[in-house]
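Undergrad: Sharing a structure here in structure tokens format.
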Amino acid sequence: HFFCMWGVIAASVTYSSRFNDTDVYHRVMWACFLVGIAGQIAFLDHDAAFFAGCTFFLYLLIVASFLRVAYYLPRARPFSLFYALCIGLQASIFLVLAVWPRARRIERGLFWVNAVFEAATHWLFVGITATSAASKSWDVPVTIRYIIGRYQGFHITIIVCSFLFPISLQRELFETSRWSAIAVLLGNLYAVALKLALFDTAVNDPEHNLERHAIRRSRFTAVFYFVLHPIGMLGIGLSGVGFMAAITQKSESFVRTLLCAGSALTWATIGLSKSLRLPKEASVHYWKTAALGVAAALYLSPLAFRLDAHATMIVVVVVMSAQLGAHLLIEKLLSAASDLPNWRFMPPRGLVSWDAHDLAAAPTAPKVTDMEHLISVLVAVGVFQLNEQLLDSALSVDSITQYVLKFGVLWGILTHAFRYAASHGVDDGYHKLLWAAMQFLLLLVLEGQGGIPDEQWSLYKVSLVCVYLLLAICFYGRVAKSLPRARHCALFFACKEAVDAALLLSACAVRGASETLLTLVVAGTLLSEPVLELVQRCAAPTSKKRQDVLFPVQSIYFKSAFNHFLIEIIGVAIVVPNCLYPGAYTYQLHVVFGVISACLLTICLKQLFLDADLGCAQIEQHALLRSPLHAVLFHVLQPMPQLGIALSGVAITLLIKGAGEGGEAAQHTRAQTLLCAASAAVMASLAFIDALHKPRPHCALAHSAKVIAGLVAAASTLAVYLQGDTTDLFVLLAFVAIYAALVFVQVCIDAIPSLLEWRRISTSIRARTHGADMTEQLLTIGASVPSESPLRVEHQRRCDH
């Protein structure tokens, strides 16, 4: 099953790393790909025929895309036809499983054939194009940086899904069993060390060493690299299952085998993958590779000595930590020019000054580090946990109030952590350890999040106190102490985090005050930016004095970080919980319709937030750079769309389950009300956020029209609610239609200014270019478009392409 799901992903990466684009075809194709993935998840371990059918559909999408490339690009025709044929053969395996019942007797064998087929395809292509002339005429170069980014994203995802996600949902076992609690803590430590060893010790494709990458070294090392990567991911997944088996107290032999085999497999394959790279310093390279081999052998020692489950976990975590330390020590002692400058402990510094504030927002975006990304993923896991708890409740006012308060606490932690990273987040050794400590404490917060709200000295409250103290002392307090230029701003946020910690400490000591004190904490998060603006206006009335008091943030970092978080919220709130197995319900077609509707809603939300510029303008026009007032309002409104999306996910799940159990006449009034209110909040807040952004040049009317369209869509959701006495399926269909209509209107509004401008320019130039050839006309049109126009950027991009 792992290779069934990895096979379609690998095929998509083979295609997208060479031919992906942002045109209409690819938007539709990836939307269909999402529906196919949702089908795989829904039918996994339930119905082999439908699982195979969904896998066949996914392969078929990639085959069609390769055939399209072969038709339009003669240069890439041999490559595209070869991979279309091979992937088509893989698809035929699943077509046979889907339509021929007798083939299911050999289902496991066909799955293994599929697992081998993907690796064999790459080797076969290399063998056919072994000569230099054939490889140059057939092969198509791959984007190495894209491959590295995707594979690093896969590693982060598999760590979260195998370790942090399931571990954070074991609250009952954590509180009732001492051994389960120890297993949770050891699993968290292993995940932190695994992340640091994978991404921060130069064993796994650092981006600044692309010239020595295995893909660039030779075609044979490139194929080995592609073949080894999924095996390492499989090892990470098996290790996560091993820790979960220990937490749930499965048999010792099962736990021991998974932990040892999974860890050994992970680091043996990563060691082989590292050996494929061209070494910069041979001695350091070989010592590191040898250390990985020794560690892989040591992971198997509990199997040899038949240690019990607890001793096995301790050995695995100790070896993981020793392996991380060994790599850092080798780099420190043997390297003449260390590849690990980001492990030095540097004093606090600002990432941007006021002089470069406007300029710093426009160029390349600062990279959100892997640790910061992991923190946002953990917060998204917390939102998933809140959704599951709300699903089990009766959607009462009290349960929704508790949900909103706990969501606000998670949002406050995330937004203030990101604000710090946007101003002072240097990727050095101090911050690696700091983010690791934040991850560890956040996991404890998630373990206690579902406890009794008014319980004194609960794990949830104590962990939150520790998180806020960490933000107050180790984040903002360190900056206030060591960086005089940023002292005023850092001291303000350090005091704010300290006050939040004091409020939560009071909630631990005073019974019955938890809800009130949590409300104060959330209100403090929302009002922190307005209060800061008010203080600096009173203390520094002139613009020059304000710059002496405040410290600038990288606005583009804020945008990038919260875009990541938005995608994660959509995934954990709408996609994952709504991939329901239809066979578990009486009305199966209704469930299928609901799952497809959830996927369509996901596509619409992604289009609205990230592709149609609604609420997410270009950074030059962003509200954060427009004026202090616009920036403050943006910070206040920013959590509303995410909260609305999270609550919408709960309502959609209840509506789909209701339709599956009760059919067309099913009515879940509270779920319908929640979906109406949450969707109205999403659309209205998104429209208000878009109104805060500065309109693009010559697009003020279109900008206003987009805002009005968002408000009309929000009013339409309330109209559905006021209609009353509606079925669950009707409400679900109505909201998908409203979101789709809003996307369509947004796209049309975005297109109108460009079309009008192009028509005006074409008309004015037609006389001047009469009789000229096509090349001269293109150059003349391109030169006549105003430099600030988005049309000029698009024209240059197409010419470069």
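Undergrad: Give me the extension gain from Ala297 to Thr726: residue separation times 0.36 nm, minus the current Cα-Cα distance, reported in nm with one decimal.
TA: 148.2 nm
Undergrad: For the charge dipole of the chain, defined by +1 on Lys and Arg C-beta atoms and -1 on Asp and Glu C-beta atoms about the Cα centroid, which residue among Pro230, Ser335, Leu729 has the Cα displaced farthest towards the positive pole?
TA: Of Pro230, Ser335, Leu729, it is Ser335.
Undergrad: Please compute the length gained on full extension between Leu278 and Met5, using 0.36 nm multiplied by the number of residues separating them and subtracting their Cα-Cα distance.
TA: 95.2 nm
Undergrad: May I pose another question? For a protection proxy built on the mean count of beta-carbon atoms within 10 angstrom, sort 553-564, 741-752 highest first, please.
TA: 553-564, 741-752
Undergrad: Quick check: with the 1.4 Å probe, what order do Glu568, Glu331 take by accessible area, largest first?
TA: Reading off the accessible areas and sorting them downward yields Glu568, Glu331.
Undergrad: Please give the FRET efficiency for Thr516 paired with Ala437, using the beta carbon to beta carbon distance and R0 = 22 Å, rounded to the nearest 0.05.
TA: On the way: r = 29 Å, r/R0 = 1.33.
Efficiency computed from Cβ-Cβ geometry: 0.15.
Undergrad: Okay, moving on. Using a 7 Å offset from Cα along Cα-Cβ at Lys332, what residues in the range 280-312 end up with backbone N under 19 Å from the label point?
TA: 284-285, 287-289, 291-292
Undergrad: Continuing with this model, one more query. Where the centroid of each part is defined by its Cα atoms, how far is the range 85-150 from the range 720-750 in Å?
TA: 41
Undergrad: How large a share of the accessible area of the chain, in percent, is made up of carbon and sulfur atoms when the probe is 1.4 Å and the other protein chains stay in place?
TA: 67
Undergrad: Over the chain, give the accessible area per residue in Å² for a 1.4 Å probe, as an integer.
TA: Details: 34150 Å² over 801 residues.
Value returned for the chain: 43 Å² of accessible area per residue.
Undergrad: About the Cα centre of the chain, how large is the charge dipole given +1 on each Lys and Arg Cβ and -1 on each Asp and Glu Cβ? Please answer in debye to the nearest 20.
TA: 1780
Undergrad: Using DSSP to call loops (not H, G, I, E or B), can you name the GluC sites (Glu not before Pro) in the range 101-205 whose Cβ has at most 12 other Cβ atoms within 10 angstrom?
TA: Counting only loop positions with at most 12 other Cβ atoms within 10 Å, none of the GluC sites (Glu not before Pro) in the range 101-205 qualifies.
Undergrad: Past the 30 Å Cα-Cα mark, which pairs from Lys250/Lys332; Lys559/Lys706; Lys406/Lys559?
TA: Lys250/Lys332
Undergrad: Same structure again: What is the gain in length, in nm to one decimal, between Thr586 and Ser704 on full extension, counting 0.36 nm per residue of separation less the C-alpha to C-alpha distance?
TA: Fully extending the segment from Thr586 to Ser704 adds 37.8 nm.
Undergrad: Compute the Kirkwood hydrodynamic radius of the range 434-592, taking the inverse of the mean of 1/r over all pairs of distinct Cα atoms, and give it in Å to one decimal.
TA: When all Cα pairs of the range 434-592 are included, the Kirkwood radius is 18.8 Å.
Undergrad: As a test of understanding, state the convex hull volume per residue of the range 473-538 from its alpha carbons, in Å³.
TA: 82
Undergrad: With r defined as the distance between the Cβ atoms of Glu664 and Arg150 and R0 fixed at 35 Å, what FRET efficiency is calculated, to the nearest 0.05?
TA: The formula returns an efficiency of 0.25 here.
Undergrad: To continue, here is another question. Any idea what log10 I(q)/I(0) is at q = 0.20 Å⁻¹ for the range 564-686, Debye with uniform C-alpha scatterers and no solvent?
TA: Debye curve over Cα of the range 564-686, log10 I(q)/I(0) at q = 0.20 Å⁻¹: -1.07.
Undergrad: Rounded to the nearest 0.05, what FRET efficiency do Val535 and Ala31 have when you use their Cβ-Cβ distance and R0 = 41 Å?
TA: Computed FRET efficiency for Val535 and Ala31: 0.30.
Undergrad: Still on this structure, please answer the following. What are the extents of the Cα atoms of the chain along their three principal axes, listed from largest to smallest and rounded to whole Å?
TA: Principal extents (Cα only, largest first): 84, 69, 68 Å.
Undergrad: Taking Cα pairs under 8 Å and at least six residues apart, what relative contact order does the range 395-550 come out at, in percent? Before the final figure, lay out each step's value.
TA: Values: 141 pairs, mean separation 36.5, N = 156.
It comes to 23 percent, rounded to a whole number.
The values are calculated or read from the model by the stated rules, or taken from the named source; none is laboratory data. If you're wondering where the values come from, they're calculated on a predicted model, not measured in any experiment. Please note: Cβ atoms are built from the backbone with ideal geometry, for glycine as well, and neighbour counts cover all protein chains shown. When the accessible area is computed, the model is the full protein with side chains, heavy atoms only, and any ligands, DNA or RNA have been set aside. Shrake-Rupley method; radii C 1.70, N 1.55, O 1.52, S 1.80 Å.
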